[in-house]
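The values are calculated or read from the model by the stated rules, or taken from the named source; none is laboratory data. Just so you know, these numbers come straight off a predicted model, no measurement behind them. Cβ: placed from backbone, ideal geometry, glycine included. Neighbour counts: every protein chain shown.
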Amino acid sequence: MGLINIRLGDYIERSTINNKDLKYGGDLIVGVNSQGVFATPKGNTDGVDLKPYKIVENGAFVYNPTRLELGSIAYRTEGLCIVSHLYMVFYLTDEGKKIIDPMWLYIYFRRSEFCREVKFRNFGSQRPEFNFNDMSDIIIPLPNIEIQKKYVDVYNAMIENQKSYECGLEGLKLVCDVYIEDLRKQMPCEAIGPYIQVVNESNVDNEVAHVQGVESSGSFMDTRANMQGVDISKYTIVNKGYIAYNPSRINIGSIAMYTNDEPCVVSPMYSVFKIINIDKVLPEYLMLWFSRTEFQRYTWYYAAGSVRDTFDFNLMQQVEFPIPDIEIQQDIVNIFETYNTRRDINEKLKEQIKDICPILIKGSIEEARKAKEA
């Protein structure tokens with residue numbers, strides 16, 4: 001067999017096994033992000049009913065029916081977990097395992113071509129979601145399994161290289177975290193209030209047209225909101241070195257320092273402030289404190305006790321943190337900047353891996369086609 005066309009539904013089976021006996025707890029909850037990997041949810045899962053959550057074991061494909069066109073599909077190899085009942089879960093059948101390498105299928109799903117096919121099939125439907133019947137109707141040109149494995153080996157080698165790089169990367173982040181934790185234990189903490197000042201500079205003349213927001217990853221991004229007809233004269237101007245955060249989402253990491261030379265504007269719902277004494281506190285050092293998960297938990301706790309569950313600027317001023325000598329702050333910042341540089345390289349490696357998926361699939365199909373014609 002060189003190359004055949006298969007209907008995927010003939011070789012996969014859906015799983016709806018759930019956690020009805022509450023055998024598994026919240027520590028096993030994961031979701032699937034648009035990078036096609038399992039990730040721990042950032043939201044608070046306390047008090048969530050875990051009975052409808054679906055059980056996922058090794059060998060399962062899991063996807064979000066409403067976000068599949070964005071790449072939200074993953075293949076499980078890291079042990080048992082549970083996912084929201086909204087996810088679709090399926091496995092290869094025994095017959096499917098004979099002719100389909102699961103990693104080859106995962107690579108097939110990771111291509112932008114597949115995402116476009118999903119989007120096309122969803123277009124015009126009453127509810128734009130890609131259900132199991134839709135997945136089953138996918139027709140796949142399938143090389144023989146020996147050819148599949150050959151290209152999977154190439155993909156796995158790239159993944160291993162990226163993971164090795166990422167492992168060293170997390171070591172750098174750990175150094176920063178441990179350093180800051182030691183400072184917190186060794187010296188008294190001070191309230192941040194005397195060192196920061198709120199910024200209320202409105203874009204009254206519409207001089208700045210670049211509208212941005214802050215992601216939960218702790219970085220600025222171009223706004224996803226439809227800005228047509230929106231009056232941005234009331235938006236707040238953010239200059240280089242200013243820190244902006246979403247008071248209702250800071251507990252999941254929505255806080256960042258602006259680093260571009262050209263200013264931007266953010267929604268008036270954001271809080272914006274600046275450091276007023278950089279000889280005493282470096283903004284980059286302060287951002288290290290804000291990037292800690294402990295700080296996110298802190299903001300969630302105090303916001304939960306406010307009237308509107310928001311962490312406003314008054315609460316921000318009450319935050320306490322250690323302030324070592326400026327030289328020590330700079331040393332920590334230097335380590336963190338090295339981490340950021342390597343993190344950016346790591347993200348580029350991930351993008352390269354994603355970009356090679358269509359090349360691998362095309363290569364395997366072309367090789368199978370030639371073998372069939374020979």
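Only one entry of 90, 114 meets the criterion of being in contact (Cβ under 8 Å) with a residue 60 or more places away in the chain, touching a Phe, Trp or Tyr at 6+ places or on another chain (Cβ under 9 Å) and not in a loop (DSSP other than H, G, I, E, B), and that entry is 90. Taking the range 148-179 as the range and being more than 30 Å from residue 328 (Cβ to Cβ) and not charged (D, E, K, R) as the test, the residues that pass are 148, 151, 152, 154, 155, 156, 157, 158, 159, 161, 162, 164.
In this structure, residue 281 qualifies as in the same structural domain as residue 319 (by TED's automatic domain parsing) and more than 24 Å from the chain's Cα centre (by Cα). The listed residues are 45, 77, and the only one of them that is at pLDDT 95 or above, among the hydroxyl-bearing types (Ser, Thr, Tyr) and assigned by TED's automatic domain parsing to the domain that holds residue 113 turns out to be 77. For the residues 57, 95, the requirement of being surrounded by fewer than 15 Cβ atoms within 10 Å (Cβ to Cβ), of a type outside the set (Phe, Trp, Tyr), at pLDDT 95 or above and in contact with a Lys or Arg (Cβ under 8 Å, 6 or more places away or on another chain) singles out 57. The numbered conditions (1) under 24 Å from the mean Cα position of the chain (by Cα); (2) surrounded by 21 or more Cβ atoms within 10 Å (Cβ to Cβ) are all true for residue 211 except (2). Residues in the range 240-266 that are touching a strand residue (DSSP E or B) at 6+ places or on another chain (Cβ under 7 Å) and assigned to a loop (DSSP other than H, G, I, E, B): 241, 242, 246, 247, 254, 258, 263. Taking first residues from the range 152-168 that are in contact (Cβ under 8 Å) with a residue 12 or more places away in the chain and surrounded by 15 or more Cβ atoms within 10 Å (Cβ to Cβ) and partners that are outside any helix (DSSP H, G or I) and not hydrophobic (A, V, I, L, M, F, W, C), the Cβ contacts under 7 Å between residues at least 6 apart in sequence or on separate chains come to 152/101. Across the range 208-217, not a single residue is classified as assigned to a strand (DSSP E or B), modelled with pLDDT of 90 or more, in contact with a helix residue (DSSP H, G or I) (Cβ under 8 Å, 6 or more places away or on another chain) and over 22 Å from residue 348 (Cβ atoms).
With respect to (1) farther than 22 Å from residue 258 by Cβ; (2) in a strand (DSSP E or B), the lone exception for residue 197 is condition (1).
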